[in-house]
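S.K.: My questions will all concern the structure given below.
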Amino acid sequence: MTIKPVRRRSIMLLSLSPLLGCGNGGRAAPDGVGRYPDYNTQPLPPDEAGMGETALQISRKMGLGLNIGNTLEATPGRSETAWGNPRITRSFIQFVKASGFDAVRLPVSWDQYADPATAKIDAAWMARVKEVVQYCLEAGLYVLVNIHWDGGWLENHVTPDKQAANIAKQKAFWQQIATALREIDGRLMFAGANEPNVKNAEQMAVLMSYHQAFIDAVRATGGRNAHRVLVVQGPSTDIELTGRLMTDWPKDTVAGRLMAEVHYYTPWNFTGLDKDESWGRRFFYWGKTFHSPTDTARNATWGEEDAVDQHLGLMKSRFVDKGIPVVIGEFGAVQRHELTGDALRLHLASRAHYFQYVASKCRALGLNLFFWDTGGLLDRWTNTVRDPQALAALMASGRQ
């Protein structure tokens, strides 16, 4: 998810060898396909030091995670404060750990910090991301760095006409990111995308080529990256689409070092819908024992506990039972601030129940959950808890 002023909300694969090629001095090729310099200029031999944990082992230890949203991924503006949050501090990351979280997901934008002609990422921005990663490691947290929405260059263009250009950019970015963070141990993981917009088998084939470009670029830098855990996203990070369309899996040079990622905002009527639509009304009350006896039009009519069981169970059978860990990279639900009195209390109680139910189910099934927070749960200005009811509900699931 990207909460910002305006919310965004079978083909044969092309051969990867010419698409991943570089050259042309960083100038745009006549056909419009990006051709960038080779940024993997000093690959290292594989290094297993500090990389002993497989994806499954990390998954079992990682526990509950927190997204630091609307910050390092804020666009446009070339500033992590562009969407109203303060810069991430060491003390805030320590507060995240003290609040009970074991992992941090860092959504990051890169494209706005890169030269359009060469895809060269600004050195100061790379250093800033690395600084925040180090804060997380110092606090004893696992950390997941991704390419987020990033202006939509990848997310909104999982299509054959953009395939060659996006593979070239994917390679150039990950060569640089992976090289800059290569010496960090296995507590750091990379994710190649965020919510790639995929709705059919043709687009799914293109997405798989983006994932393969990401994996190949990271592995080729060598060192600890030869063994680093990498995370690949299902189509639209939607559970049902992932179950239906993600019938293949990327190739890797090392076994047991990949995870799958989906997001969970079901039902959207409850978790995020900000106005009634022709296809559905907003829900204020979720859970079979949390329905309002008076405001009945706002009770959830679908997507309750049985849907959670079904959806998360599908991810367990589809991936976890086959040895592939699953990251629920984003999860959350808005507060309905227009409510007052008993209606507000019931809404907040049902929201807390939603958080606890999903978190507990993830723990029981061996899925890793990351709560999406833009400052509503943990106050980044004061390092205090802004929503103790929600935090208590999340933590009630216990640690893995």
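The values are calculated or read from the model by the stated rules, or taken from the named source; none is laboratory data. All values derive from a computational prediction rather than experimental measurement. Note: ideal-geometry Cβ built from the backbone for every residue, glycine included; neighbour counts use all protein chains shown. Areas reflect the complete protein model, heavy atoms only, side chains present, ligands, DNA and RNA absent. Shrake-Rupley method; radii C 1.70, N 1.55, O 1.52, S 1.80 Å.
S.K.: How many nm separate the modelled label positions at D379 and D122, each set 7 Å beyond the Cα in the direction of the Cβ?
M.R.: Those two pseudo-labels are separated by 3.1 nm.
S.K.: Label-point separation (nm) for T41 and A201, each offset 7 Å from Cα along Cα-to-Cβ?
M.R.: Computed distance between label sites T41 and A201 equals 4.5 nm.
S.K.: Rounded to the nearest percent, how much of the accessible area of the chain (1.4 Å probe, protein heavy atoms only) is carbon and sulfur?
M.R.: 54
S.K.: Right, next: Mind running the shape call on the chain? Use the C-alpha gyration tensor, a ≥ b ≥ c as the square roots of the eigenvalues: rounded below 1.5 for a/c, prolate if a/b tops b/c, oblate otherwise.
M.R.: Here the chain falls in the prolate category.
S.K.: While we're on this one: Taking the DSSP beta bridges in the chain as the whole, what percent of them are antiparallel, to the nearest 5?
M.R.: In the chain, DSSP labels about 10 percent of beta bridges as antiparallel.
S.K.: With charges only on Cβ, +1 for K and R and -1 for D and E, what is the dipole size of the stretch 227-332 about its Cα centre, in debye, rounded to 20?
M.R.: Value, rounded to 20: 280 debye.
S.K.: Taking R0 as 45 Å, what FRET efficiency do you get between T289 and Q134 from their Cβ-Cβ distance, rounded to the nearest 0.05?
M.R.: 0.50
S.K.: Return one whole number: the accessible area per residue of the chain in Å², for a 1.4 Å probe.
M.R.: Per-residue value: 39 Å².
S.K.: Of K169/K361; K169/K199; K130/K199, which sit over 30 Å apart, Cα to Cα?
M.R.: As for pairs spanning more than 30 Å Cα to Cα, those are K169/K361; K130/K199.
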